[in-house]
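Input: a single structure, listed below in structure tokens.
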Amino acid sequence: MTRLTGRSAFLRLLIDEGVDHLFGNPGTTELPIMEVIPDFPQLKFVLGLHESVVVGMADGYARASNRLAAANVHVAPGLGNAMGALYNARFSGSPIILTAGQQEQGHGLLEPLLYAPLVPVAQPFVKWAVEVTRAEDLPLVMHRAAKVALTPPTGPVFISLPGDVLEQEAELELGAATRVDARMRPSDATLAMLARRLLAAKNPAILAGHELGVHDAFAEAVELAELLGAGVFHQTVPYAAQFPSEHPACLGALTRNQKAVRAALEPFDLLVCLGADLLRMSVYSPVDPLPPALPVIHVSERDWELGKNHPTEVALQANVKETLAALLPLLRAQRNPVAAAQAAQRLAAFAPRNWSAQQGRARIAALEVAEETPIDPRFLMLRIAEALPREAVVVEEALTSSLTLPALVPQRDPKSYYGLASGGLGFALPGAVGAALALPGRPIVAVVGDGSALYGFQALWTAAHLKLPITYVIANNRSYRILKERLVSMRKSERFVGMDLRDPEIDFVALARSMGVAARRIVDPQDLAPALREAMRQGGPQLVEVMVADGFGDGR
Ligand SMILES: Cc1ncc(C[n+]2csc(CCOP(=O)(O)OP(=O)(O)O)c2C)c(N)n1
Ligand SMILES: [Mg+2]
């Protein structure tokens, strides 16, 4: 037993759970915690200047490290500010312990300023939400919270910490962390059936999902594709890297256009979905993206995704890496020479249309518009692709401007890429800070739209404060171009209301400099290559604002 205050116990327990950064934005209700932070030098406090940025940084940290992250935000309005970022974290399954200070129990009943029950606010977007009512319960609550967050399907949890609980002194048994080993693989019988089923396919496709990146299973997925002669698509939602783009079997990303996806899948006779979301789409279409006759095999640790929207012939709740590791020897042993020859033939036939071929075409298309001013976003993406150091990590949220980025920048290692998964803007700027802290030594390049950048710009101050090696590239088309495009295509209207960021124009260079980030603006396409290389070489945070075309006559 140890005699501790609630506030010290809270931090001790975070450290015991392996947390080394506490992302936070403090208010009065968090002061007890702030008071004792200096007593725990193992825990680095990272200040974010808005709660959405705080949770966005924790999200980036969790995604890039696959470790538990911790974030502490202010009471009711602070938690409210964090909800968009919490939605993103839930979507990408980030294991985060989110906490907020709460008014003292009883005092809250008097309805002071800054009071509202917190648990019901957080609840819809977390795996577990609880308010601690006695300091004695902190060990149980904290250990359970960490266990729940980290056990697949991983995700954020929320704990409300009333002032009197943080103040209370108690004899505490601190306990220890529990880690659930959830690296499950299917039974031997199921694996044998799976091997037979896979080898019976005449023309299988693989849908490669982010669980392959999270569980470091690129090599296993590559061998499966080779053994089966299967074409491999990146999943429709860019959570993280999914499969090495330069492998000859890689056919690039499926879009979120139902008709196009259906056409891409139509030629195949089996879809093997590995740790992916089965064809998650964005906007409505009456067309089902899955061809009706295409049977599906789906392996995922996220049971909710299995059979969710589509009948699935074989649905396996399992770890993709463990499953493939057990499956591959069976396939190697059972594949006969005829099947091997057919697989090799199929692989060779992908050459004219695989990712590498697509990259070649995307390069040519980008070079064709190399001279245009305002800069064509395709040319900007090419210049970014060329300037990226090999070990760079791309964090991407540039909507229309980055459409061609996945075709130009290969996914090489599982930590090379993090995208806006949920659609909720505001991830990339703070997410890059979290990724930089999680992956020391790797340069981070955040490619962000002008509109998107303004949902989390305060993150630049944290990047500057911590001198993080992040290059922010802002594709500034002075508009919400994607909404204009959709108004035209979906509503047949060109009356753009609330989609221009022009009067006044936003000066991202001045904005960045005001937060301590060196910045420059590029207008001439010829200046792009040296500017990007220079920024990525610098080390500290840098911002390059690139004036790109808005696609509608630039402000007509
Ligand atoms: C939190 C949040 N608010 C609003 C939106 C709606 N929205 C989707 S895309 C977009 C515009 C993005 O602008 P920008 O980053 O400049 O990219 P562009 O469309 O110009 O390529 C908006 C406002 C959203 N997805 N998430
Ligand atoms: Mg824009």
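The values are calculated or read from the model by the stated rules, or taken from the named source; none is laboratory data. On a predicted model such as this, the values are computed, not experimentally measured, just so you know. Here Cβ is always computed from backbone atoms with ideal geometry, including for glycine, and neighbour counts include all displayed protein chains. The protein model used for the area step is the full one, side chains on, heavy atoms only, and it has no ligands, DNA or RNA in it. Shrake-Rupley method; radii C 1.70, N 1.55, O 1.52, S 1.80 Å.
Using only side-chain charges placed at the Cβ, +1 for Lys and Arg and -1 for Asp and Glu, the dipole size of the chain relative to its Cα centre rounds to 1660 debye. Accessible surface of Met83, taken over heavy atoms with a 1.4 Å probe and every protein chain present, rounds to 30 Å². Summary value for the chain: 14 percent relative contact order, contacts being C-alpha pairs under 8 angstrom separated by 6+ residues.
Rolling a 1.4 angstrom probe over the protein heavy atoms with all chains in place gives the chain an accessible area of 40 Å² per residue.
When only alpha carbons are used to place a centre, region 234-308 and region 316-387 end up 14 Å from one another. Averaging the Cα positions of each part gives two centres, and for region 25-80 and region 409-462 these lie 18 Å apart. Normalising by residue count, region 441-523 has a Cα convex hull of 114 Å³ per residue. Using only side-chain charges placed at the Cβ, +1 for Lys and Arg and -1 for Asp and Glu, the dipole size of region 454-556 relative to its Cα centre rounds to 280 debye.
Within the assembled protein chains, the solvent-accessible surface assigned to Lys259 is about 140 Å², based on a 1.4 Å probe. For region 513-556, with the dipole built from +1 on Lys and Arg beta-carbon atoms and -1 on Asp and Glu ones, taken about the Cα centre, which of Met547, Ala519, Ala529 lies farthest toward the positive end? Sorting the options by dipole projection puts first Ala519.
Take the Kirkwood radius over Cα pairs of the chain, plug it into Stokes-Einstein at 20 °C and 1.002 mPa s, and you get 87 µm²/s for translational diffusion. Sorting Met547, Met1 by solvent-accessible area of protein heavy atoms yields Met1, Met547, largest first, with a 1.4 Å probe.
When the chain is described by a simple charge dipole with +1 on each Lys and Arg Cβ and -1 on each Asp and Glu Cβ, the residue from Thr323, Leu110, Ala189 located farthest towards its positive end is Ala189.
Considering only beta bridges that DSSP places wholly inside region 407-539, some 25 percent are antiparallel. Asp507 sits with roughly 70 Å² accessible to a 1.4 Å probe, with DNA, RNA and ligands left out of the calculation. Largest first, the residues Ser514, Ser452 sort by 1.4 Å accessible area into Ser514, Ser452. Only lysines eight or more places from Lys492 in sequence, or on another chain, were considered; those with a Cα closer than 17 Å are Lys484. Considering region 339-408 at the alpha-carbon level, its Rg and Dmax are found to be 15.5, 53 Å.
Just the number, please: carbon plus sulfur as a percent of the accessible area of the chain, 1.4 Å probe, no ligands or DNA/RNA counted.
Carbon with sulfur: 55 percent of the solvent-accessible area.
Ordered from highest to lowest accessible area with the whole protein assembly present and a 1.4 Å probe, Thr236, Thr2 read as Thr2, Thr236.
Looking only at the chain, where both bridge partners belong to it, what percent of the DSSP beta bridges are antiparallel (to the nearest 5)? That works out to approximately 10 percent antiparallel.
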